[in-house]
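The values are calculated or read from the model by the stated rules, or taken from the named source; none is laboratory data. If you're wondering where the values come from, they're calculated on a predicted model, not measured in any experiment. Here the Cβ is made from the backbone with ideal geometry for all residues, glycine too, and neighbour counts use every protein chain on show. Ligands, DNA and RNA are stripped out before the accessible areas are found, and what is left, the full protein with its side chains, is counted by its heavy atoms. Shrake-Rupley method; radii C 1.70, N 1.55, O 1.52, S 1.80 Å.
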Amino acid sequence: MQVSDMKNLWTFLFLMMTFLPTTAKDDKAITKLQTEMLKFISTTDRERFFEVTEQLKAKSQESGDERMFYTAWGNQAIFEATHQYYVKAYEIANEISSYAKKHDSRFGEYTALHANAMIALQRQDYDEAEAAFTKAVDYRHQYFPKESAGDDLQELMKIANHRKDAKAGEHYARQILAEPGVAPIHKGRALFRLSQLAFQRNNKAQYDSIYAVLQELKRTDGIAAIEPIVEVNYHIINGNYDEALRLCRDLSPEKQAERMAVIYHRMGQDAKAYEYMAKFKKINDSIVLVSHGNVVASCYVQMNNERMKLEQSLLEDENQTLRNRFYFTLAAAIVIILVMLLLQRQRKVKYLQWDNAALDRARQRAEKELDVRNEFINNITNELRAPLNPIVGFSDILGTPDFELQPEEREAMSGYIKNSSRKLTKLIDEMSELSFFRSKRSLPLNVSVSPNHLLRHMADSMRGMCKEGVTIGVESSMPDTVECMTNLDAMEHLLKHLLENAVQNTSSGSITLGCEEQDNKIVVSVTDTGCGIPANHRGEIISFLENAGDDGSTSNMGLAVCKAIVKLLGGSIWLDPDYIAGARFMFQVPKEQKQ
């Protein structure tokens, strides 16, 4: 579950709860089921969640609580979308719409509209999400004119901000403020967005006006506090730089460095402004974030830096050897030119051309190695930042006493941190594994293995990881007595990565391991009926597998490991371009290895 998924989930829950009747029913059973629903919606326990929501729907119908009935039903669609079961989510939303029309329920039809918008947002289809949220806003204005559509407009404002469309973001923010009975939390978020735009435009009058409204909102509507960045910007735009610097202590390290750079620039202290801008860039872009819990990754990067230095030293020694050879050749040419001037001049030109070409090749090789390693480190940084950012973000939230979080919210955030940590650990393990196999010149091929037995063993070990309804089996045209000489550990790693890829991308159907003998070679295939590889990416995958040289890419980490292993086993790996019902990766290794 991504960070955006969690935000959208809680936004939807807040929306549904604001629609509940203001006169709460004295029904302990409904209250208990409602609490259970909120507890399980952020987990992966689908069976328990649907059991609770179905009970809540039944109880709500019995008590005549129409809105709670559709709220529970809509949450089922959101649960499926949050866990990326988009087809099921749309099916539930359509069922809600049909049922609501049959029973003439305006709130039910609105719930279906909003669920479709949230599903599109989960799929990151922002065009469809924007259209769906706009339709939901219009529907609420038509049938619930006295109720605020601020929550739907807030999602539209978020989409505009994601697209960096300042004009649209401002439009939706002002529309939120114009809504009847808008909730203080939505009003506060709209004012916050307008304050950011006013600060970017350096419009002091507009910023002061917005700040005054936020202060009044805090006093009258119970908003606990104004965001620290708003206070800092207020003093910056009004020239109160000392107070702004003091308030910067309440900001996160990243925002603190950025704001202090702005303050010192406005004070005319450009040297300090540059210092804090460099600090901001370092915090924002550097792998220093690993210090929050990923020392292993830092050590890995350091190890690669040391390896680069060693390889650079070897390249310099090689260049020096070539230069010494050139000087020796030139000296010999001078001696020979005294004997045979014309002949030696021709030889001298040839020697110089050869040496210069060799030096140029060495220089190009050194530059290429440096570029590859720099790109590799940059890619590692980007790959590690993806799970690190949510870990740091949620950790800061959980460690900030100003945030009042419900137990289920804390549990959800803790679960997300653990999930991101597992992803980070898996990424580091794959990088270490890739480094291990790429550093090897050869592997001991000293074990006689039956391919059929090995495939069945791997299928059995991965069966428990398959999604519900997915089967995994082995189809072989060879008898079990056929064996090949190989490295058992490397073969298991190779099959494990291919099967993990198939399991991850197959939500229904089957995964099949195939095996046959061709021209004294063992050909193995891993076929799935999953989502497959889009046509615009198949060429990239095929090119990646066919290219014999290594590059600095960290994408397709699993395939990179497979490619390195197959190369050490003396075989080849490829993607079957003719199979379109999913994906089929194939590799072949010699039946009898030459030691």
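Key figures
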| read-out | value |
| --- | --- |
| 5 angstrom amide H check on Ile511, placed H, neighbours 5+ away | Thr471, Ile472, Gly473 |
| Prolate/oblate/rounded label for the stretch 121-256 (Cα gyration tensor, a/c 1.5) | prolate |
| Difference of contour (0.36 nm per residue) and Cα-Cα distance, His171 to Asp138 | 10.3 nm |
| Asp360 paired with Met340, simple spin-label distance in nm, labels 7 Å along Cα-to-beta-carbon | 2.8 |
| Phi to ³J(HN,Hα) by Karplus 6.51 cos²θ - 1.76 cosθ + 1.60 over the stretch 35-43, Hz, x for Gly, Pro | 5, 4, 4, 5, 6, 8, 5, 9, 10 |
| Hull volume in cubic angstrom per residue (convex hull over the Cα atoms of the stretch 125-168) | 62 |
| Two-decimal log10 I(q)/I(0) for the stretch 411-498, as the Debye equation yields it once each C-alpha is a single scatterer, q = 0.14, 0.19 Å⁻¹ | -0.72, -1.04 |
| Cα centroid separation, the stretch 199-217 to the stretch 81-137 (Å) | 36 |
| Residue-level accessible surface for Trp574, protein heavy atoms, 1.4 Å, Å² | 80 |
| Sequence of Arg249, Arg48 from largest to smallest accessible area, 1.4 Å probe | Arg249, Arg48 |
| Kirkwood hydrodynamic radius (C-alpha pairs) into Stokes-Einstein, the stretch 448-530, 25 °C and 0.890 mPa s, D in µm²/s | 189 |
| Extension reserve of the Leu405-Asn536 stretch, reckoned as 0.36 nm per residue once the Cα distance is removed | 42.8 nm |
| Per residue Cα convex hull volume in Å³ - calculated over the stretch 57-208 | 116 |
| Pairs of Lys in the stretch 142-209 closer than 23 Å at Cα, counting only those 8 or more apart or on different chains | 8 |
